[in-house]
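Before any comments, here is the structure.
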Amino acid sequence: MSSNRKPAIQIAWKTVTYRSVVLAILGVAILFSIGVRFAFPQFTANGLKAADNFGNKLLEVVAGAAGPVKSGAVSSEQAHITALDGTVRVKKANSNSWVNADYNVPLDKGDVVQTGSEGMAKIVFNDGTNYTVKQDSLIVVEENSTNDQQQTSVAVAVSTGTVDLTTATYNQGSKAQVTVAGATASLSPDSAAHVSNDPKSDQHEIVMTKGNAEVVRNGQVVHLADWEKANWRADSTPIVKSKEIGSPVPISPANMMPIFVSKGGKSIEFSWTKMTNAVGYRIQIAHNPYFTNPVVNRRVDAADILVSGLSEGVYYWMVQSYDGSGKESAESEKNRFNIIAKQDSAAVIALDLDPFTQHGHVIELTGKTEVGARVMVNGQEVPVIGVDGIFHYFTPPLPPGESVITITAQNKKGGVKTEQKKVVIQ
């Protein structure tokens, strides 16, 4: 034996899985039962049945270890709040108390969401369907599940108030529903609707703003297409279907757009899409998304207008169309823009951005600008900028799909620089 070879303990092993052990036990049990049957023919049928049941249960345990999913299995999902404004409360299904809504509070089946007189909440489900709950509204999450074929089922009941909902492109066999005052509307993929429920005045309506829906109530079935409305009053009255005038789509200023103006100010152009059956439009501009005290509330004939006299600050704007009888359409989307003052001799300043970092629905921004400058992201000011001009910022949770992030830096001399980047949230 070579002197270089050192004595050592040699260890050998063989891996035995739990499944192997269970199968071995099962095999021994089967052999034992066969032997007992031949040795004791008088073994009762009940005894054999009990042994068979035991064997089946044991097989189920083995199958469970393998991890297959039973056909037709349904799993519950959670919805999430992606936008909050004002007073919004949530009552969980297993609780009798209300809590303040938060981005970190998931919504399950049976949960209730309530908005105050100046509250708003946007709720996004796993299939991409989203519900925007307007002020003074109360909704209940009735269903949110996915089966083994990736078919989703989403349902929300509007107890009172107003909800705007949009469906995504979901799998065939999936469904997205909204229930209001005894009627259930099933929306097709890529559809949108405006739902209103006013129990006090006995006014209930569903307006399709895009796509198709089927409304069922007391055995009556009504099909809705673009800009068709279903409304009813009491349980005994049928659904009345009518044609609505379409609402325009805001074009400019675009949502979250910064507008830089000199000290003397300038006129800002507002434009939107033309509607074929409209004779005019109403434009409103306000400091809040509820338009309680609009600074501009004007009717115009054309699909654009120049507005002057707007001071520095954050604004919201929307537009409605109206027909020859004066009947107005539903409100358009509400675009948010920010007017920022600058000097006439403004110079472009430095704004360097690092690649974005995504944390789920939240985007982390890191960059550097001029020392002493201010930085805004989608109209929201970055609260802390280092003495060297380096800044970090986390966006609020973004909805699924494509979003535009606008970053603007401005120094005290009025110098500005803006960068826009697109992000996609899966």
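Could you tell me whether any residue of region 310-332 is touching a Lys or Arg at 6+ places or on another chain (Cβ under 8 Å) and in a loop (DSSP other than H, G, I, E, B)? Checking region 310-332: not a single residue is touching a Lys or Arg at 6+ places or on another chain (Cβ under 8 Å) and in a loop (DSSP other than H, G, I, E, B). Any residue at all in region 155-170 that's part of a loop (DSSP other than H, G, I, E, B), aromatic (Phe, Trp, Tyr) and under 25 Å from Pro400 (Cα atoms)? For region 155-170, residues part of a loop (DSSP other than H, G, I, E, B), aromatic (Phe, Trp, Tyr) and under 25 Å from Pro400 (Cα atoms): present.
Does Ala157 meet the test of being of a type in the set (A, V, I, L, M), open to solvent by less than 40 Å² (accessible area, probe 1.4 Å) and without any contact (Cβ under 8 Å) to a residue 24 or more places away in the chain? Explain how you work it out, then say what you get.
Working: of a type in the set (A, V, I, L, M): yes; open to solvent by less than 40 Å² (accessible area, probe 1.4 Å): yes; without any contact (Cβ under 8 Å) to a residue 24 or more places away in the chain: yes.
For Ala157, the condition - of a type in the set (A, V, I, L, M), open to solvent by less than 40 Å² (accessible area, probe 1.4 Å) and without any contact (Cβ under 8 Å) to a residue 24 or more places away in the chain - is met.
Would you check if there is a residue in region 248-261 being under 27 Å from the mean Cα position of the chain (by Cα), crowded, with 20+ Cβ neighbours inside 10 Å, within 19 Å of Thr162 (Cβ to Cβ) and in contact (Cβ under 8 Å) with a residue 24 or more places away in the chain? No: region 248-261 contains no residue that is under 27 Å from the mean Cα position of the chain (by Cα), crowded, with 20+ Cβ neighbours inside 10 Å, within 19 Å of Thr162 (Cβ to Cβ) and in contact (Cβ under 8 Å) with a residue 24 or more places away in the chain. Would you call Glu328 loosely packed, with under 14 Cβ neighbours inside 10 Å and in contact with a strand residue (DSSP E or B) (Cβ under 8 Å, 6 or more places away or on another chain)? It is false that Glu328 is loosely packed, with under 14 Cβ neighbours inside 10 Å and in contact with a strand residue (DSSP E or B) (Cβ under 8 Å, 6 or more places away or on another chain).
Okay, residues lined up against (1) in a loop (DSSP other than H, G, I, E, B); (2) open to solvent by 20 Å² or more (accessible area, probe 1.4 Å); (3) touching a residue at least 60 places away in the same chain (Cβ under 8 Å):
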position	(1), (2), (3)
Gly367	no, no, no
Ala409	no, no, yes
Lys413	yes, yes, yes
Lys417	no, yes, yes
Val423	no, no, yes
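When region 84-132 is limited to residues that are in contact with a Gly (Cβ under 7 Å, 6 or more places away or on another chain), among the aliphatic types (A, V, I, L, M) and outside any loop (DSSP other than H, G, I, E, B), the one that is most open to solvent (accessible area, probe 1.4 Å) turns out to be Met120.
Residue selection: Thr167 satisfies the criterion of being of a type in the set (S, T, N, Q) and in contact with a Leu (Cβ under 7 Å, 6 or more places away or on another chain).
Lys210 meets all of the listed conditions (1) open to solvent by 30 Å² or more (accessible area, probe 1.4 Å); (2) within 20 Å of Asn126 (Cα to Cα) but one, namely (2). In region 174-188, of all residues being surrounded by fewer than 22 Cβ atoms within 10 Å (Cβ to Cβ) and within 20 Å of the chain's Cα centre (by Cα), the one that is nearest to Gly161 (Cα to Cα) corresponds to Thr179. Gly372 passes all but one of (1) assigned to a strand (DSSP E or B); (2) surrounded by fewer than 14 Cβ atoms within 10 Å (Cβ to Cβ); (3) touching a residue at least 24 places away in the same chain (Cβ under 8 Å); which number fails? Single failed check for Gly372: (1).
Check Pro383, Pro400 and return the single one that is surrounded by 14 or more Cβ atoms within 10 Å (Cβ to Cβ) and not β-branched (Val, Ile, Thr). Quick ask: steps written out before the conclusion?
Working: Pro383 fails: surrounded by 14 or more Cβ atoms within 10 Å (Cβ to Cβ).
From the options Pro383, Pro400, the qualifying one is Pro400.
The values are calculated or read from the model by the stated rules, or taken from the named source; none is laboratory data. Keep in mind that this is a model prediction, so the values were computed, not measured. When we count neighbours, we look across all protein chains shown, and the Cβ atoms used for this are built from the backbone with ideal geometry, even at glycine. Calculation scope for accessible area: heavy atoms of the full protein, side chains included, ligands and nucleic acids excluded. Shrake-Rupley method; radii C 1.70, N 1.55, O 1.52, S 1.80 Å.
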